[in-house]
Amino acid sequence: MNRLQNYKEENIAYWTKRAPGYSDVNRAELCTAQRKVWSQALDARIQLHFEGRRRKDIHVLDVGTGPGFFAILLAELGYRVTAVDYTSAMLEQARRNAGRLAEKITFQQMNAEELSFPDGSFDGIVAKIAIPAPSARSFSTTLPEL
């Protein structure tokens, strides 16, 4: 087996096993003041780029959605959301966590390093990424174009 294929398989195995626990952490965070903080921060940043456009007309891609934290917040705000993750286990958690909002989010299993969307499919991108450093926190990035 080549090195890249081994990496991919290990990555899938890790996040499949980790999905329930990581989902618990995200569900707990959705029940704290962090929900409002993240929601306001995402909305402000996106609106800065798309002033005057209605949220329902702005299509946002959540790359590496995991258990759906950003996808849920964005759907609540009224954005069109597509959420991708590498594992079906994470997408299952995301759908469950989204509850009634799941029908407003398009979930797709896809490798973030090999996205298959046509150019111009999205108005913005978000990603919640954990940086492995002692003082690092999760952060988001929104981009006006892919």
Given the criterion closer than 19 Å to MET110 by Cα and among the aliphatic types (A, V, I, L, M), identify the matching residue among LEU4, LEU42, LEU73.
LEU4
For segment 99-130, the count of residues that are of a type in the set (A, V, I, L, M, F, W, C) and assigned to a strand (DSSP E or B) equals 5
Restricting attention to segment 62-82, does a residue exist that is on the phi > 0 side of the Ramachandran plot and either open to solvent by 20 Å² or more (accessible area, probe 1.4 Å) or of a type in the set (A, V, I, L, M, F, W, C) (or both)?
yes
From the list ARG45, ARG27, ARG18, ARG3, which residue is open to solvent by 70 Å² or more (accessible area, probe 1.4 Å), over 17 Å from the mean Cα position of the chain (by Cα) and not acidic (Asp, Glu)?
ARG3
Within segment 102-116, identify whether any single residue is open to solvent by 80 Å² or more (accessible area, probe 1.4 Å) and at pLDDT below 90, and answer yes or no.
yes
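The values are calculated or read from the model by the stated rules, or taken from the named source; none is laboratory data. Just so it is clear, the model here is predicted, and its values are computed rather than measured. Keep in mind that these areas ignore ligands, DNA and RNA; they rest on the heavy atoms of the full protein, side chains included. Shrake-Rupley method; radii C 1.70, N 1.55, O 1.52, S 1.80 Å.
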